[in-house]
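The values are calculated or read from the model by the stated rules, or taken from the named source; none is laboratory data. Computed from a prediction, not measured in an experiment: that's the story for all the values here. Cβ placement follows ideal geometry from the backbone for every residue including glycine, while neighbour counts extend to all protein chains displayed.
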Amino acid sequence: MIFQNEVDLKPFNTFGIAAKAKRFVVVHSVSELQQLIAQGEFKNQRTLILGGGSNILLTGDFDGLVIKLDLKGITIVRENENEVVIRAGAGEPWHALVVHSVANEWGGIENLSLIPGTVGAAPMQNIGAYGVEVKNVIEEVEVIHIESGKISSFSNSACEFGYRESIFKQKEKGKYIISSVTLRLTKKNHRYATEYGAIRETMDQLGIAEPSIKAISDAVIHIRRSKLPDPDKIGNAGSFFKNPSIPNEQYQSLQQSYPGIPGFVSEGKMTKIPAAWLIEQCGWKGKTIDSIGIHPHQALVIVNYGGGDGKKIWQLALAIQSSVKEKFNITLQPEVNVI
């Protein structure tokens, strides 16, 4: 392992924020990670575990050790004629895993195509898109205990998955480093999810009559590229806020004042409302302030057009949050981790 000082983190976060890490190291294997955990270099200062940097907002320099996980590899654990169980390293790019699965005609994650970030972040966030969440296919998550360096695993149920949530973001936050994820995918009798969003319509536009793993993946990629900014061109971390769920009674009350307010039945007598709609109603969509702003095609995405400051982006997020609270009495929760 090679330790570096005062490393610019701009290449390592999709917002493209220029911030320095006091110390920086890239870890290529579980054994290296265990060695690092045992060192004073790890124990005696603040640490930040970095995957693809696609779900963080850096609001300043990091006065500690940034650990870039580069644990790669995709292997078959076991398979039969119906299913395949695969294990992917936490540092593997998520979309690379999707591409690999689509190429092998393994079903289950095609709707999650083109989501930025790494495999290790997928269970932490319980990533989801177009009617599918990663919790639907995860069998177990291998972790390294930060205090002891010991390897253990969490079953699907032990991960306590929720909407963009998991045990790793809640009561076990900061206690483990995810080293690999094991997923169970289908080899035949696939269950295609084509009813969410514009997948079916996009398939028709692309001249695709029958759904398939590749067809759905192609449709999702087409939709995402048409609606969402490419982080390689415009700095962003995808959806900045979660879609809020409110009691049915509150939703019905809002309908009286806003007849067009969209809502979807959720669990526990709750209604989920698209955060993008709320933000757009407050006049934020497409607004630009200096070098930052809200994307003109997707109000959920805060963007850095170049040279943006992390603190100012966070101030903008708080202003959006405040206006939605004032107008609708709904508190938006950030999906992005603010550092």
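Scanning region 14-43 for residues that are surrounded by 15 or more Cβ atoms within 10 Å (Cβ to Cβ) and among the charged types (D, E, K, R) yields 20, 22, 23, 32, 41.
Count of region 43-80 residues, restricted to those that are within 20 Å of the chain's Cα centre (by Cα) and among the polar types (S, T, N, Q), is 3. Note on region 233-261: among residues that are among the charged types (D, E, K, R) and farther than 15 Å from residue 280 by Cα, the one that is surrounded by the fewest Cβ atoms within 10 Å (Cβ to Cβ) is 233. Of all residues in region 152-181, those that are over 20 Å from residue 87 (Cβ atoms) have Cβ atoms under 7 Å from Cβ atoms of residues that are modelled with pLDDT under 95 and among the β-branched types (Val, Ile, Thr), 6 or more apart or on another chain, in 175/146.
Yes or no: region 293-312 includes at least one residue that is touching a Gly at 6+ places or on another chain (Cβ under 6 Å) and over 26 Å from residue 124 (Cβ atoms). Taking every residue of region 293-312 in turn, at least one turns out to be touching a Gly at 6+ places or on another chain (Cβ under 6 Å) and over 26 Å from residue 124 (Cβ atoms). Of all the criteria given as (1) surrounded by fewer than 22 Cβ atoms within 10 Å (Cβ to Cβ); (2) over 25 Å from residue 252 (Cα atoms), the one not satisfied by residue 294 is (1).
Can you find a residue in region 44-61 that is in contact with a Leu (Cβ under 9 Å, 6 or more places away or on another chain), in contact (Cβ under 8 Å) with a residue 40 or more places away in the chain, surrounded by fewer than 17 Cβ atoms within 10 Å (Cβ to Cβ) and of a type in the set (Gly, Ala, Ser)? So far as region 44-61 goes, no, none of its residues is in contact with a Leu (Cβ under 9 Å, 6 or more places away or on another chain), in contact (Cβ under 8 Å) with a residue 40 or more places away in the chain, surrounded by fewer than 17 Cβ atoms within 10 Å (Cβ to Cβ) and of a type in the set (Gly, Ala, Ser).
Before we move on, is residue 152 assigned to a loop (DSSP other than H, G, I, E, B) and within 19 Å of residue 173 (Cα to Cα)? Walk me through it before giving the result.
Working: assigned to a loop (DSSP other than H, G, I, E, B): no; within 19 Å of residue 173 (Cα to Cα): yes.
Considered against the rule, which asks whether it is assigned to a loop (DSSP other than H, G, I, E, B) and within 19 Å of residue 173 (Cα to Cα), residue 152 comes out as no.
Considering region 131-143, and only residues there that are buried (at least 20 other Cβ atoms within 10 Å of the Cβ) and touching a Leu at 6+ places or on another chain (Cβ under 8 Å), the residue that is nearest to residue 83 (Cα to Cα) turns out to be 137. Any chance region 158-175 includes a residue that's within 20 Å of the chain's Cα centre (by Cα) and part of a strand (DSSP E or B)? Yes: one or more hits.
Restricting to region 68-104, give me the number of residues that are closer than 20 Å to residue 124 by Cβ, touching a Lys or Arg at 6+ places or on another chain (Cβ under 9 Å) and among the β-branched types (Val, Ile, Thr). Adding up the residues that qualify gives 2. Residues in region 92-114 that are crowded, with 23+ Cβ neighbours inside 10 Å and farther than 14 Å from residue 184 by Cα: 92, 94, 111, 112, 113.
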